[in-house]
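Trainee: Dropping the structure in here first, questions after.
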Amino acid sequence: MATPEEQLILHRQLQAKSSGVLLDRIFKGSAFSFAALVLIVLFGIMLMLFKEAWPTFAHFGFGFFASAEWDAVNNKYGAIIPIIGTLVTSLIAVVIGVPVSFGIAIFITLMAPNWMKRPVGIAIELLAAVPSIIYGMWGLFYFAPWFANSVQPIMTDTLGELPVLGQFFQGPPIGVSIFTAGVVLAIMIIPFIASVMRDMFEIVPTTLKESAYAMGSTTWEVVWKVILPYTKAGVVGGIILGLGRAMGETMAVAFVVGNSLELNTGLFYPGATIASTMANEFNEASGLHMSSLIALGLILFIITFLVLSIAKWFLMILERAHQGTST
Amino acid sequence: MMFNKKLIASAVLAAATAFSLSAHADEVNKITGAGSSFAYPIISKWAAAYKKATGVEVNYQSVGSGAGIKQIIAKTVDFGASDDPMTVEDLEKNGLTQWPLIMGGEVIVANIPGNKQGELAISGPVLADIMMGKITKWNDPALQKLNPGKKLPDLAITVVHRSDASGTTAIFTNYLSKVSPEWKEKVGEGKTVTWLSKGNLGGKGNEGVASYTGRIKGAIGYVEYAYALQNKLPYMDMINSAGKRVAPTMANFAAAASHADWEHTPAFRVVLTDQPGDDSWPITGSTFAIVHKDPENPAQVKAVLDFFKWSMDHGQSEAKELHYIPIPESVEKLIEASWAKNIKLK
């Protein structure tokens with residue numbers, strides 16, 4: 001038989017346990033409902049977009065995705081120009097942004113002297129906090145004129161003369177274009193990608209890196225064979241984050257893309273993206289026009305979803321290949 | 001703590017007074033409106049003066065003409081304002097009535113090195129050809145013919161237009177449709193149209209068009225007169241429907257307004273472009289106020305009419321200061337007659 005003191009202690013322990021169980025349940029329940037909320041909201045947005053966009057799909061059918069005509073006067077809408085604009089500007093942004101971000105992150109984690117690491121790191125995070133309209137205005141007032149006068153003529157005269165590829169580097173020297181939008185987007189997404197990469201590179205165990213150095217590896221070999229394989233999921237995640245931002249960016253793009261719904265092969269021609277078209281025409285649209293703008297929104301939603309899925313799939317393959325080599 | 005209690009007490013008291021004020025149904029001290037951004041500067045200026053004179057507050061939201069029409073139909077505001085007049089059928093269908101509240105001119109601005117304000121002239125058909133991309137250089141024979149003796153440069157033309165849907169574009173394309181059958185067939189008129197010239201460029205708002213035109217050599221665009229003045233952009237003279245060369249001046253805008261046939265047009269649905277008269281500026285437009293004919297709350301609409309009557313009588317100098325054309329006196333009489341006839345205030 002337990003003494004009364006022992007019984008008291010046991011009782012208290014049981015009490016503590018049961019209240020712990022209760023707390024645990026509440027914690028689990030609330031965490032689950034927050035997670036479920038995300039799914040519900042996502043599904044709700046999708047449903048609303050689809051419902052509002054339905055008149056357009058019913059009216060134009062598949063032609064909406066294939067037509068390059070956007071004519072509010074005659075109520076004829078096609079999505080191909082904004083879709084191409086969105087994909088091309090984002091692609092330019094990623095092609096420029098990823099290597100630069102990679103360089104920044106490697107420099108901060110591996111090469112920078114200690115006194116420089118923090119200021120440069122903070123500066124990057126501050127860049128990420130600059131509102132997009134500021135990038136847009138900077139792009140319009142400073143970057144575009146400079147680019148039009150100093151860089152674009154040189155690019156047109158050299159790259160523009162190449163067979164086949166040359167046509168992409170044609171366009172009037174006015175500075176606002178698909179290409180300019182891509183460059184401004186690149187500058188906007190660099191802080192995001194760079195800071196994610198830096199955080200990833202910093203969690204690579206020092207012992208791993210030092211062992212590689214001890215084996216006689218160069219810095220480049222350490223980066224390529226140790227750090228990158230260790231962090232690839234996070235690195236790809238950072239790139240996807242940047243790409244998502246580039247595809248959905250509205251304000252900055254509306255300033256520098258030129259807002260012209262015509263189809264050109266030249267990257268130096270003014271163009272339009274899904275987000276900029278929606279922002280420009282939403283105010284005054286009604287009926288089929290409004291429905292078509294919402295259909296554009298749905299397409300942006302789907303493109304983003306597809307890109308994300310492809311990235312996840314790509315990661316999975318990488319993971320499998322990695323497991324295959326290590327066993 | 002004491003402070004908090006006092007604060008709460010005074011807040012409760014304030015709420016109670018506000019409630020008792022709003023309980024007087026006939027005493028209107030606040031009216032709301034929404035729509036045209038073109039009319040926003042003058043309405044807000046009138047509103048400030050009107051509040052000083054009468055104590056009635058006018059709250060106007062510059063959300064765009066189309067949004068203004070949507071809001072008055074949905075009855076979320078006391079009046080709507082649109083640069084593009086509603087059709088008679090649309091007005092009937094929704095139980096609405098409209099009248100012009102202010103007018104203004106649009107000018108063609110061009111960035112040609114060495115070109116000063118009013119030095120060059122352009123005609124409607126030539127302008128339409130430029131906007132369609134049929135004329136692509138400033139030294140085109142058609143432009144040279146309109147400007148004998150002037151040396152025009154061998155410079156590519158960049159067409160600048162509004163990227164956002166706007167009443168300014170509606171008035172501009174309405175004009176081009178009147179003067180060019182080809183434009184009417186290929187492009188048409190509306191708040192957003194499909195621009196055909198290669199490498200055309202869209203700027204957001206009047207300020208966007210003004211800034212692109214000011215920066216890009218060879219650019220041509222259309223903006224409201226006040227924006228051309230503010231940005232010191234060289235505007236062009238135009239050849240009007242009478243075949244005369246006119247400069248964009250307040251007097252010529254007003255001439256277009258007074259030559260229009262307001263009396264015989266149902267619902268004042270006059271678009272002031274391409275009006276007859278030797279001194280009429282061809283691209284003139286007006287903003288229309290829209291209210292319900294048989295309002296749920298007649299006192300509010302009465303207050304709206306009082307405000308616009310006051311602004312027609314007392315707001316002329318303010319309108320001119322901001323480069324708008326006030327409503328001509330003859331038209332004011334027509335407007336008041338239409339109020340008496342169409343709007344049920346009891």
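Trainee: Per-residue Cβ counts within 10 Å, from other chains only, averaged over A:274-285: what number is that? Show your work: numbers first, answer last.
Mentor: Values: counts 0, 0, 3, 3, 0, 3, 8, 6, 5, 11, 19, 5.
The shielding value for this peptide is 5.
Trainee: Here's something else I'd like to know. Using alpha carbons only, how many angstrom separate the centre of segment B:122-197 from the centre of segment A:224-254?
Mentor: 44 Å
Trainee: Run the reach check for B:Lys75 against aspartates and glutamates, Cα to Cα strictly under 14 Å, same-chain hits fewer than 8 apart removed. What comes back?
Mentor: Cross-link targets: B:Asp294, B:Glu296.
Trainee: Also, quick follow-up: In whole angstrom, note down how far apart the Cα centers of segment B:43-90 and segment A:104-152 are.
Mentor: Answer, in whole Å: 44.
Trainee: So what is the calculated 222 nm ellipticity per residue for the protein assembly as shown, using -39500 (n - 2.57) for each DSSP H run with n of 4 or more, over all residues, to the nearest 500 deg cm²/dmol?
Mentor: Working: 27 runs with 380 residues, N = 673.
Calculated at 222 nm, the ellipticity per residue is -18000 deg cm²/dmol.
Trainee: Sticking with this one: Among the lysines, which fall within straight-line cross-link reach of A:Lys17, defined as a Cα-Cα distance under 19 Å, with same-chain neighbours fewer than 8 residues apart omitted?
Mentor: Result set, ordered by chain and number: A:Lys28.
Trainee: A further question follows. Considering only DSSP beta bridges where both residues belong to segment B:106-249, give the percentage that are antiparallel (nearest 5). Display every interim value, and only then the final one.
Mentor: Numbers: 9 of 17 bridges.
Antiparallel bridges make up about 55 percent of those DSSP assigns within segment B:106-249.
Trainee: Using the basic label-point model (7 angstrom from Cα toward the beta carbon), what is the A:Ala31 to A:Leu10 distance in nanometres?
Mentor: Each label point is offset 7 Å from its Cα along the Cβ direction, giving 3.2 nm.
Trainee: Okay, next question. Which entries in B:Lys51/B:Lys344; B:Lys134/B:Lys204; B:Lys150/B:Lys204; B:Lys217/B:Lys320; B:Lys116/B:Lys145 show an alpha-carbon gap greater than 28 Å?
Mentor: Among B:Lys51/B:Lys344; B:Lys134/B:Lys204; B:Lys150/B:Lys204; B:Lys217/B:Lys320; B:Lys116/B:Lys145, the Cα-Cα distance tops 28 Å for B:Lys150/B:Lys204; B:Lys217/B:Lys320.
Trainee: Quick one: divide the alpha-carbon radius of gyration of segment B:50-140 by 2.2 N^0.38 Å and tell me what you get. The partial results should precede the final answer.
Mentor: Details: Rg = 20.4 Å, N = 91, 2.2 N^0.38 = 12.2 Å.
This ratio for segment B:50-140 stands at 1.67.
Trainee: Tell me, what HN-Hα J-couplings in whole Hz come from the Karplus equation 6.51 cos²θ - 1.76 cosθ + 1.60 at θ = phi - 60° for each residue of segment A:56-70, using x for Gly and Pro?
Mentor: 5, 5, 5, 7, 9, x, 5, x, 4, 7, 10, 8, 9, 9, 10
Trainee: For segment B:303-310, take each phi angle, set θ = phi - 60°, evaluate the Karplus expression 6.51 cos²θ - 1.76 cosθ + 1.60, and give the result in whole Hz per residue in order, putting x for glycine and proline.
Mentor: So the J values, rounded to whole Hz, are 5, 4, 5, 4, 4, 6, 4, 4.
Trainee: Buried accessible area for the B:A pair, summed, 1.4 Å probe, in Å² rounded to 100? Could you put the intermediate results ahead of the total?
Mentor: Values: alone 16190 and 18940 Å², together 33030 Å².
In total, this chain pair buries about 2100 Å².
Trainee: Can I ask one more? Using a 10 Å cut-off on Cβ atoms, rank the peptides A:166-178, A:88-100, A:273-285, A:27-39 from the highest mean neighbour count down. Walk me through the numbers on the way to the answer.
Mentor: Working: A:166-178: 22.5, A:88-100: 20.2, A:273-285: 24.0, A:27-39: 9.8.
Packing proxy ranking, top to bottom: A:273-285, A:166-178, A:88-100, A:27-39.
Trainee: Let me ask something else. Indicate, rounded to the nearest 5 percent, the antiparallel portion of the DSSP beta bridges found entirely in chain B. Could the numbers behind the result be given before it?
Mentor: Working: 23 of 40 bridges.
Just about 60 percent of them are antiparallel.
Trainee: Which of the residue pairs B:Lys70/B:Lys191; B:Lys45/B:Lys302; B:Lys137/B:Lys186; B:Lys93/B:Lys186 have a Cα-Cα distance greater than 23 Å in the structure shown? It would help to have the intermediate numbers written out before the result.
Mentor: Values: B:Lys70/B:Lys191 15 Å; B:Lys45/B:Lys302 20 Å; B:Lys137/B:Lys186 21 Å; B:Lys93/B:Lys186 30 Å.
Checking Cα-Cα distances, B:Lys93/B:Lys186 exceed 23 Å.
Trainee: Another question, then. So how tilted is helix B:167-179 from the main axis of chain B? Cα-based, degrees 0 to 90, rounded to 10.
Mentor: 40 degrees
Trainee: Ok, one more. Per residue in segment A:53-80, which ones lose no less than 40 Å² of accessible surface when going from chain alone to all protein chains (1.4 Å probe)?
Mentor: Residues shielded by partner chains are A:Val73.
Trainee: Sticking with this one: Mind checking the per residue accessible area of chain B for me, 1.4 Å probe, whole number of Å²? Could the numbers behind the result be given before it?
Mentor: Details: 15140 Å² over 346 residues.
Per-residue value: 44 Å².
Trainee: What does the average come to when, for each residue of peptide A:167-173, you count the partner chain Cβ atoms lying within 10 Å of its Cβ?
Mentor: Numbers: counts 0, 0, 0, 0, 2, 9, 5.
If you average over the peptide's residues, the count of other-chain Cβ atoms is 2.
Trainee: Could you work out, residue by residue across B:66-72, how many beta carbons of other chains sit within 10 Å of that residue's beta carbon, and then give the average as an integer? Let's see the in-between values first.
Mentor: Details: counts 8, 5, 1, 2, 3, 0, 0.
Rounded to a whole number, the mean comes out at 3.
Trainee: A follow-up question, please. Which residue fluctuates most in the GNM of chain B (Cα springs below 10 Å): B:Glu89, B:Glu106, B:Glu224?
Mentor: Greatest mean-square fluctuation among the candidates belongs to B:Glu89.
Trainee: Compare each residue of segment B:148-180 in its chain alone against the assembly with all protein chains, and report those whose accessible area goes down by 50 Å² or more; 1.4 Å probe, heavy atoms.
Mentor: B:Ser163, B:Ala165
Trainee: Let me ask something else about it. Counting only protein heavy atoms and a 1.4 Å probe, tell me what percentage of chain A's accessible area is made up of carbon and sulfur.
Mentor: Numbers: 12930 of 17890 Å².
C and S fraction of accessible area: 72 percent.
Trainee: Over all distinct Cα pairs, what is the inverse of the mean 1/r for the protein assembly as shown, reported as the Kirkwood hydrodynamic radius in Å?
Mentor: On the way: mean 1/r = 0.0341 Å⁻¹.
The Cα-based Kirkwood calculation yields 29.3 Å.
Trainee: Can I ask one more? How large is ³J(HN,Hα), in whole Hz, for each residue of segment A:146-161 in order, when computed from phi with the Karplus curve 6.51 cos²θ - 1.76 cosθ + 1.60 and θ = phi - 60°, using x for Gly and Pro?
Mentor: The phi angles translate into 5, 4, 5, 8, 9, 9, 4, x, 5, 5, 5, 6, 9, 5, x, 8 Hz.
Trainee: If you line up the long axis of helix B:40-54 against the longest principal axis of chain B, both from Cα atoms, how many degrees apart are they, to the nearest 10?
Mentor: Once rounded, the angle reads 30 degrees.
Trainee: Rounded to the nearest 10 Å², what accessible area does B:Glu92 show when all protein chains are kept and the probe is 1.4 Å?
Mentor: About 110 Å², ignoring ligands and nucleic acids.
Trainee: In addition: What net charge do the residues around B:Asp278 carry, taking every other residue with its C-beta under 11 Å from that of B:Asp278, with Lys and Arg at +1 and Asp and Glu at -1? Display every interim value, and only then the final one.
Mentor: On the way: positive: B:Lys244, B:Arg245; negative: B:Asp279.
Spelling it out: positives minus negatives among the neighbours equals +1.
Trainee: Something else now. Pairs on different chains or at least eight residues apart, Cα atoms closer than 19 Å: how many lysine pairs in segment A:63-326 fit? Walk me through the numbers before you get to the answer.
Mentor: Numbers: A:Lys117/A:Lys209; A:Lys209/A:Lys225; A:Lys209/A:Lys232; A:Lys232/A:Lys312.
Step by step, the pairs that qualify in segment A:63-326 add up to 4.
Trainee: What does the net charge come to around B:Lys184 if you take all other residues with beta carbon closer than 15 Å to its beta carbon, with K and R at +1 and D and E at -1? Working shown, then result.
Mentor: Values: positive: B:Lys134, B:Lys178, B:Lys186; negative: A:Asp71, B:Asp129, B:Glu182, B:Glu185, B:Glu189, B:Asp274.
Net of charged neighbours comes to -3.
Trainee: How would you classify chain A from its alpha-carbon gyration tensor, with a ≥ b ≥ c the square roots of the eigenvalues: rounded for a/c under 1.5, else prolate if a/b is greater than b/c, otherwise oblate?
Mentor: Oblate, since a/c reaches 1.5 and b/c is not below a/b.
Trainee: Tally up the carbon and sulfur contribution to the accessible surface of chain B as a whole percent, 1.4 Å probe, everything protein left in place.
Mentor: Numbers: 8380 of 15140 Å².
Carbon with sulfur: 55 percent of the solvent-accessible area.
Trainee: Something else about it: Between A:Gln170 and A:Glu52, what is the label-point separation in nm under the 7 Å Cα-to-beta-carbon projection?
Mentor: Once both label points are built, they end up 3.9 nm from each other.
Trainee: Sorted by accessible area with a 1.4 angstrom probe, largest first, how do A:Ser291, A:Ser309 fall? Present the calculation step by step, with values, prior to reporting the outcome.
Mentor: On the way: A:Ser291 5, A:Ser309 50 Å².
So, going from the largest accessible area down, we get A:Ser309, A:Ser291.
Trainee: Report for the protein assembly as shown the percent antiparallel among DSSP-assigned beta bridges with both residues inside it, nearest 5.
Mentor: Working: 25 of 43 bridges.
Antiparallel: roughly 60 percent of the beta bridges in the protein assembly as shown.
Trainee: Could you state the angle between the C-alpha long axis of helix A:80-106 and the longest principal axis of the C-alpha atoms of chain A, as a value from 0 to 90 degrees rounded to the nearest 10?
Mentor: For A:80-106 against chain A, the angle is about 50 degrees.
Trainee: Among B:Ala128, B:Asn147, B:Thr87, which residue has its Cα furthest toward the positive end of the charge dipole of segment B:87-177, with +1 on Lys/Arg Cβ and -1 on Asp/Glu Cβ?
Mentor: Of the options given, the answer is B:Asn147.
The values are calculated or read from the model by the stated rules, or taken from the named source; none is laboratory data. All figures in this text were calculated on a predicted structure; none of them were measured in a lab. Please note: Cβ atoms are built from the backbone with ideal geometry, for glycine as well, and neighbour counts cover all protein chains shown. Please note that ligands, DNA and RNA were not included when accessible areas were found on the heavy atoms of the full protein model with its side chains. Shrake-Rupley method; radii C 1.70, N 1.55, O 1.52, S 1.80 Å.
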